[in-house]
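Before any comments, here is the structure.
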Amino acid sequence: MMKIIDRIKNTREYDIIREMEKVYQDIEKKQAAWKKAGNVVCPDGCGQCCVNFEPDVLESEALYLAAWLLEHDEQKADAIAEERFIPLRANTDTGCFLFDYDSPWHCTVYEGRCLICRLFGYSGDRGKDGKKRWKPCRFYPAEQLDAHVPPLTHRQYTEGEMQDLFGCVPPAMSDCMEQALSLTPESSEDTHPLRQALPAAIRKLKLIIAFNSSDDDNSGGEPMSA
């Protein structure tokens, strides 16, 4: 996303997007070890977790996805910002409005997707004792769990069990959330449905880009925000 974020340098939003990129890279690194050790990956073409679910997102998530769209699909970004975007699914009342049934990958913004979309299925949580625990996705086919070596079931596995089975544990959702929350401490408790947060984030970035384009003097000043 270098082209877009270079156009918003010296702003608070630039810093947030850059740091969010590091959060996502850290998640990928931790999940890579878990995927290799656990060998429990989403079945091709599933997408069931997106059908009836729309994420509530932090400002940092919305800004990152907004920047990704402006970089990779400006027409879609403009349509979303102007609230004339037509979803590719008939019913979007309860599910993600960026979901595409007909695509084998389903997610139309995969590389820019939000935090929970990256964590679901490949992360655990922490119990009251602070130790990590993990449960296979409820949509994961039982026959594939049975075929796993060793066989797995739809139950919760403790940190000790995962170490014994795989020699590895997945990242904890709460740890990743803390990283993201730290980027916007002034609004760390504020989340909004994706369909509300994303248009607003796109409009904000477009406004900053317009300001920066019309006044190059801002490039050497204090960080600004729209």
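Here are some notes:
- Longest DSSP-loop-exposure-free segment, chymotrypsin sites (Phe, Trp or Tyr not before Pro), the chain, at most 15 other Cβ within 10 Å: 140-226
- Taking GluC sites (Glu not before Pro) across segment 1-110, the ones in a DSSP loop with at most 14 further Cβ atoms lying within 10 angstrom of their Cβ are 82, 83.
- Between 0 and 90 degrees, the angle of helix 59-72 with respect to the longest Cα principal axis of the chain falls at about 70 degrees.
- Fraction of alpha-carbon pairs over 27 Å apart in segment 18-142 - percent: 23 percent
- Computed label-point distance, nm, for sites residue 156 and residue 86 using a 7 Å Cα→Cβ extension: 4.6 nm
- The chain - Debye-derived log10 I(q)/I(0), Cα point model, q = 0.14, 0.18 Å⁻¹: -0.94, -1.34
- Helical runs (DSSP H, four residues minimum) scored at -39500 (n - 2.57) apiece and divided by the length of the chain put the mean residue ellipticity at 222 nm at -14000 deg cm²/dmol.
- Dipole magnitude of the chain, debye to nearest 20 (Cβ charges: Lys/Arg +1, Asp/Glu -1, about Cα centre): 660 debye
- The label point for residue 120 and the one for residue 168, both projected 7 Å from the Cα toward the Cβ, are 2.3 nm apart.
- Between the beta carbons of residue 129 and residue 200, assuming R0 = 45 Å, the FRET efficiency works out to 0.70 to the nearest 0.05.
Quick note: the coordinates plus some simple rules give every number you see, no bench work behind them. Being a predicted model, the structure only gives us computed values, none of them experimental. Please note: Cβ atoms are built from the backbone with ideal geometry, for glycine as well, and neighbour counts cover all protein chains shown.
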